[in-house]
Amino acid sequence: MLTKFETKSNRVKGLAFHPKRPWILSSLHSGSIQLWDYRMGTLMERFEEHEGPVRGIDFHRTQPLFVSGGDDYKIKVWNYKLKRCVFTLLGHLDYIRTVYFHPEQPWIVSASDDQTVRIWNWQNRSCLAVLTGHNHYVMCASFHPMEDLVISASLDQTLRVWDISSLRQKNLRAPSPEDMVNQLRGNLPAAVNADLFGSSDAIVKYVLEGHSRGVNWAQFHPTLPLIISGADDRLIKLWRMSDTKAWEVDTFRGHLNNVSCVLFHPRQELLISDSEDKTIRVWDLNRRSCIFSFRRENDRFWILAAHPKVNLIAAGHDSGMVVFKLERERPPHSMTAGNLVYVKDKCIRSLDFDNGRDVSLLAIGAPASSGGAMSMIGGGGMSSLFGDSTSAAPSRTVARSMSYNAAEGVVILNYDDDGGRYELYTIPKGGSGEVYAEPRRGAGSYGIFVGRNRFASLHATGTPPTIVVRDFHNEVTKRIPVLLPGADMMFAAGSGYVLLRNEERVVLQDLQQRKIIAEVSASMTKYAVWSEDLRKVALLGKHTIVIASRKLESMATIHETIRVKSAVWDDSGVLLYTTLNHLKYCLPNGDNGIVSTLENPIYITRVRGPAVCYLDREGNPGIMPIDPTEYTFKLLLLRKRYDDVRRMISENRLSGQAIISYLHKNGFPEVALHFVRDERTRFALAIDSGAIDVALSSAQALNDPDAWKKLADEALRQGNVEIVEMCFQKTKNLERLAFLYMLTGNFEKLSKMDKIADASGNYMARFQILMFLCDFEGMAKVLAECGQGPLAKLCASTYGMTELAAEIQGPPVAAAEGKLLIPPVSLSDGSNWPTLQISRGMFKRDANAGDFEEPSVDYYEDAAAFEESERDPTWDESSAPSAPVKVVDPFSADLGKTDGGEADAGGWGDDDFEFDVPGGSTSVDPAAAAPVEDDEFGQEAVSEEQTSGVYYVPPKAGTGIVGRWTRTSKLAGELAATGAFRDCMELLSRQIGARSFAQMKDVLLSAYLGCRTSLPASMNMAPNQAYISRLDNADRPVCVYSLGSLKERMAVMNQNVTQGRFSEAFKLIRAILSCIPLVVVDTMEEVNELRAILAACKEYCIGLTVESKQKEAKAAGDSARQVLLAALFTHCRLAPLHNQLSLRSAMKVAFDTKNFILASGFARRLLDSSPKPELANSARKMIQYCDQNMTNASEIDYDDRRDFVVDCFSFAPLYAGKPKVECPYCNSVYSPDAAGSICAICSISGVGASAEGLRVSMAQVR
């Protein structure tokens, strides 16, 4: 029994598998319904509308619906896409035990403690029939999967089979005229008649009696005319039925307490039952005996559910549920060069990959050992889960693994039972597959071949643990100690070596030298998959894959969220592996992706080109075509086979956003350009890769100001003045364009710009242009035109233009000592100049590089050649000298060129270009004839031609401090400090249901600015920004909001409340409520203090809001509302002094409005709070006066003798027992009418929103 998923919760009373998705519903005794993804192990949703335990639950087969029934007498139909209850069916008068959908009709059957079974139509929401006849609680009712029958079980010790065929016929036919007349006359509806007199649409076909106590469960067999039942008499009975009668067939005995549930296995001839004796038992239908029993020490079992299509079973118990399967579904198999050897239907079979011939080699029979217990149980995995397991009948176990020696024709099957054992089979040559061969058996687990005629098995439980080597006669030849402490599994590793694993690592042990020669960290490895040449190994764990070399040097680690099932290497060194629902790949550097989605899990055995061979869970071999283009392309990039990359791009063999993202992420944006058709994405990639021409064409297509601005920045960075000028013209950025013309000395265009600015009336741009042109007369005129007369006079007089200064109106201005502007000097002649060295693109050929190897036409057939370049030396080749490696530049020719002869020709001449030299026939080497020049250091000078192949690639910038903050921040306050406001808001939305952040805007900005400071820089330079990190962790930002600062604000708030400055106190409370989500503390004690501050702020905020509304009621003359609000103010949990003040105020308000009974009550409560003497005297006088006038002038809905809370929506009492919803942040209480609105107290969270809970400390996150 293999556990797949387990939860901890309250008692589980109902379970239901989704027929298609990996979901399971569990209904709890606490009234909650949980929706789990058992494959991912996560809680997806929680549904809480039932009051009291929920006992019945079921998924609809096709619609996004499920139904539940509980102790509140209600049947609720839910839509899990909408995440809410769609409608409620009412009619039962007592607890509802089970609810089930009909497999075809829109019906629901329900069983109840009101002694009835009801059938409902969930489409028109009506009761179709009421099945009466039981005289005690009906514990279970369900439909037959194919026939018009219903089975019910009751505590009256009977089972009843109901025939509902007439109900189907009635449901299909149109209403008769008689039905319509009865309806018009007002006759009783059919459902009411059924309630009173019983339904005539369902009749009792059989009444099965045989149990001596109440029957808890009954179920139909999915295909056979059988019924199974379990009862409080601790017995399970098997019944058979025919067209005319039903009778008891057999009784299963073994449970020691009430049988809670029993069901047929949907795919095998088994019964599964659970009981209050804390056991689950598996029964063989043929032998009529218990073959396995699993026990939990402290939990009783209540419910079972079986998946209709997958071999999964769920059981609910007192402390949660467990999802498990009875058999190991991985078929034992082994691969050779061209054959797959596997076990199916008690035969060892062989599949030839070349001709597809599948033959049976050998029949395998029942083993002599009886410890296996059953053919469906693959090992003793359940013992560790439930604490105890026993078997009662011998049966065959499924082999865990297989090893095959093709040279000698020997097969080893390994089993987990009896502490580990193996069976050794010798396949007869030319024998028939029907021949049974008696195996050689022995104790020991994980038998593997370690030589041509030797195999080894692990004895991990021995003292000391040993590896036993045997020959094919099953005789021991050697015993080798296990050198890895705690080793419990062993894998093959070639001749003379084995892999051993414990919980933390895997080691390679040499059997001959008896030493560990390599090890790698890999936790709980389950399988080891070697490449064909034994140069790489993949260590498969439950959710991880570690790829290592032959010396166990870790190359990559892959983490998956769901279980890894199998893996295999292809010829090019790519690992393909399967999970429960995907076929994936992994490159040697760890890059991985999805090849295809799987409908059902498979176990891949071989990859060849665009196809994979596999075995399914039934042991059937198959071939699945795949598209290896994506991972082949990435492999070519990884191995720098750029010619083949170019060929694949030119053939348009790739597409999709995943390729674009991969190329961009791994530093190949110029390659990604060839896959992009969207102009905006193309523009961004061109900017990143520095392809300025491509960026220009995309910017022209977009014609977006933002695109032109980015293009201008990139062009300026590359020194392309022409494109910079064009971008500034497109965006009409006159100031920057004028500055560019001034730098490049283009004063002619600068003069034209002056006219453009004059025509547009842009005085600022015109003055700047004239200043660049040193046109001082024009500068003075511009100043005069825009109303700056004194500045215009000053400018004219400074530069000696006295006549112009006299013409300008205004008082004379005395020119101070000033300096004349010097005309600007241009920095260039206006041509493009380089300012940044960029790395060459992968499609720019280096002149010094040799010719590339011509790629193969078929990339997949050439995979072995790719792998050859990546292979490491073998174990014994570590000292072999390495051959000189020819360095090939990775940059190939443009895509538009062909690989023909002219494309490879020299620019000025070919290598064989010769000419005759007068005076001799020998050619002279120009380099040898020329004199050698030395540089200033005495070194031989290097010519420009010799260095043309050398280029500089700037290193990539590392992760900055803000990036490290963002990566490590898990709390809302830290995310706000890093500036990741969106992430912060999303986190608060999940934690406290935050819906409005308007009130938190200032505190978010304060948190952002609080961890940053500016340091002064040199003159005319921007200040330097510094970041403040925590002292104990530099990768986390410091947070300005602390627990101490909130305590200080709370003290000021208390003082304001005491002094009656309520408006100031209210503003402080709102500010504190906004700050609390962004506080970061270290310990759980501080977390509890922060929760106390939040609770106090909520109470004071409610109280001050009530007091404000009381003043409004007084101004409106509504004395009843005024008294009610004053009374509610006294029920806020304030400090003792403030509580006394609220009671005194309420006493005065009640007295002034002549509500003397209420005033007397407030006075007595004031005396109970031990007030000061003067307050106590006033209270006694009030009691004395009011007791003589026991009347109230106003009738208000207020009763202090009943428990209630303040409804923050209507500000009225909300008494205990009434429905209510809460704010997930401040826990303010509202009536259901306010659900979905913003909380009136904190103004942050949505009322009734689901939330995880506020986390302000890393102690909560861990």
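The values are calculated or read from the model by the stated rules, or taken from the named source; none is laboratory data. Remember, it's a predicted structure, so these values are computed and weren't measured experimentally. With ideal geometry, Cβ positions are generated from the backbone for all residues, glycine too; neighbour counts draw on all protein chains shown. Calculation scope for accessible area: heavy atoms of the full protein, side chains included, ligands and nucleic acids excluded. Shrake-Rupley method; radii C 1.70, N 1.55, O 1.52, S 1.80 Å.
Computed values, structure above
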{"item": "Residue within the stretch 418-432 that is open to solvent by 50 Å² or more (accessible area, probe 1.4 Å), in the same structural domain as residue 357 (by the TED database) and in contact with a Cys (Cβ under 9 Å, 6 or more places away or on another chain) present", "result": "no"}
{"item": "Some residue of the stretch 466-476 being within 20 Å of residue 518 (Cα to Cα), at pLDDT below 90, surrounded by fewer than 22 Cβ atoms within 10 Å (Cβ to Cβ) and not assigned by the TED database to the domain that holds residue 404", "result": "no"}
{"item": "Any hit, the stretch 1069-1080, residues being in the same structural domain as residue 1227 (by the TED database), under 20 Å from residue 980 (Cβ atoms), of a type in the set (Gly, Ala, Ser) and in contact with a helix residue (DSSP H, G or I) (Cβ under 9 Å, 6 or more places away or on another chain)", "result": "yes"}
{"item": "Evaluation of residue 721 against (1) closer than 30 Å to residue 633 by Cβ; (2) touching a Leu at 6+ places or on another chain (Cβ under 8 Å) (one fails), failing number", "result": "(1)"}
{"item": "Residue identified as buried (at least 23 other Cβ atoms within 10 Å of the Cβ) and at pLDDT below 70 among 686, 672", "result": "672"}
{"item": "Residue in the stretch 98-106 that is under 23 Å from residue 305 (Cα atoms), open to solvent by 50 Å² or more (accessible area, probe 1.4 Å) and at pLDDT 95 or above present", "result": "yes"}
{"item": "Residue count, the stretch 1191-1200 (criterion: open to solvent by 60 Å² or more (accessible area, probe 1.4 Å) and either in a strand (DSSP E or B) or over 13 Å from residue 1164 (Cβ atoms) (or both))", "result": "5"}
{"item": "Top-ranked residue of the stretch 1125-1138 - restricted to ones that are over 13 Å from residue 1205 (Cβ atoms) and open to solvent by 40 Å² or more (accessible area, probe 1.4 Å), ranked as nearest to the chain's Cα centre (by Cα)", "result": "1136"}
{"item": "Hey, residue 738 of a type in the set (Gly, Ala, Ser), under 21 Å from residue 761 (Cα atoms), open to solvent by less than 10 Å² (accessible area, probe 1.4 Å) and assigned to a helix (DSSP H, G or I) or not", "result": "yes"}
{"item": "Top-ranked residue of the stretch 289-301 - restricted to ones that are over 17 Å from residue 228 (Cβ atoms) and either modelled with pLDDT of 95 or more or among the polar types (S, T, N, Q) (or both), ranked as surrounded by the most Cβ atoms within 10 Å (Cβ to Cβ)", "result": "293"}
{"item": "Residues satisfying the stated conditions in the stretch 397-431, i.e. within 23 Å of residue 327 (Cα to Cα) and part of a loop (DSSP other than H, G, I, E, B)", "result": "397, 398, 399, 400, 416, 420"}
{"item": "Top-ranked residue in the stretch 571-591 [being touching an Asp or Glu at 6+ places or on another chain (Cβ under 9 Å) and modelled with pLDDT under 90; ranked as surrounded by the fewest Cβ atoms within 10 Å (Cβ to Cβ)]", "result": "581"}
{"item": "Whichever residue in the stretch 742-764 is within 59 Å of the chain's Cα centre (by Cα) and more than 20 Å from residue 721 (Cβ to Cβ) and, among such residues, is surrounded by the fewest Cβ atoms within 10 Å (Cβ to Cβ)", "result": "761"}
{"item": "Some residue of the stretch 966-988 being modelled with pLDDT of 90 or more, under 23 Å from residue 1045 (Cα atoms) and touching an Asp or Glu at 6+ places or on another chain (Cβ under 8 Å)", "result": "yes"}
{"item": "Breaking point among (1) over 24 Å from residue 696 (Cβ atoms); (2) of a type outside the set (Lys, Arg); (3) at pLDDT 80 or above, for residue 722", "result": "(1)"}
{"item": "Every residue from the stretch 210-261 that is surrounded by fewer than 13 Cβ atoms within 10 Å (Cβ to Cβ) and under 22 Å from residue 113 (Cα atoms)", "result": "212"}
{"item": "Any hit, the stretch 1140-1148, residues being small (Gly, Ala, Ser), in a helix (DSSP H, G or I) and open to solvent by 10 Å² or more (accessible area, probe 1.4 Å)", "result": "yes"}
{"item": "Extreme residue, farthest from the chain's Cα centre (by Cα), among residues of the stretch 15-40 that are aromatic (Phe, Trp, Tyr) and within 19 Å of residue 561 (Cβ to Cβ)", "result": "23"}
{"item": "Number of the condition not met by residue 454 [criteria: (1) over 24 Å from residue 479 (Cβ atoms); (2) among the charged types (D, E, K, R); (3) at pLDDT 85 or above]", "result": "(1)"}
{"item": "Residue 314 vs. criteria small (Gly, Ala, Ser) and open to solvent by 30 Å² or more (accessible area, probe 1.4 Å)", "result": "no"}
{"item": "Hits in the stretch 24-51 (condition: in contact with an Asp or Glu (Cβ under 6 Å, 6 or more places away or on another chain), open to solvent by 30 Å² or more (accessible area, probe 1.4 Å) and either of a type outside the set (Asp, Glu) or over 25 Å from residue 110 (Cα atoms) (or both))", "result": "44"}
{"item": "Close pairs (7 angstrom Cβ cut-off, 6 or more residues apart or separate chains): more than 17 Å from residue 576 (Cα to Cα) in the stretch 511-531, open to solvent by 60 Å² or more (accessible area, probe 1.4 Å) and not in a loop (DSSP other than H, G, I, E, B) anywhere", "result": "519/505; 520/505; 520/554; 521/505; 522/505"}
{"item": "Residue in the stretch 1035-1054 that is surrounded by fewer than 18 Cβ atoms within 10 Å (Cβ to Cβ), touching a Phe, Trp or Tyr at 6+ places or on another chain (Cβ under 7 Å) and not in a strand (DSSP E or B) present", "result": "yes"}
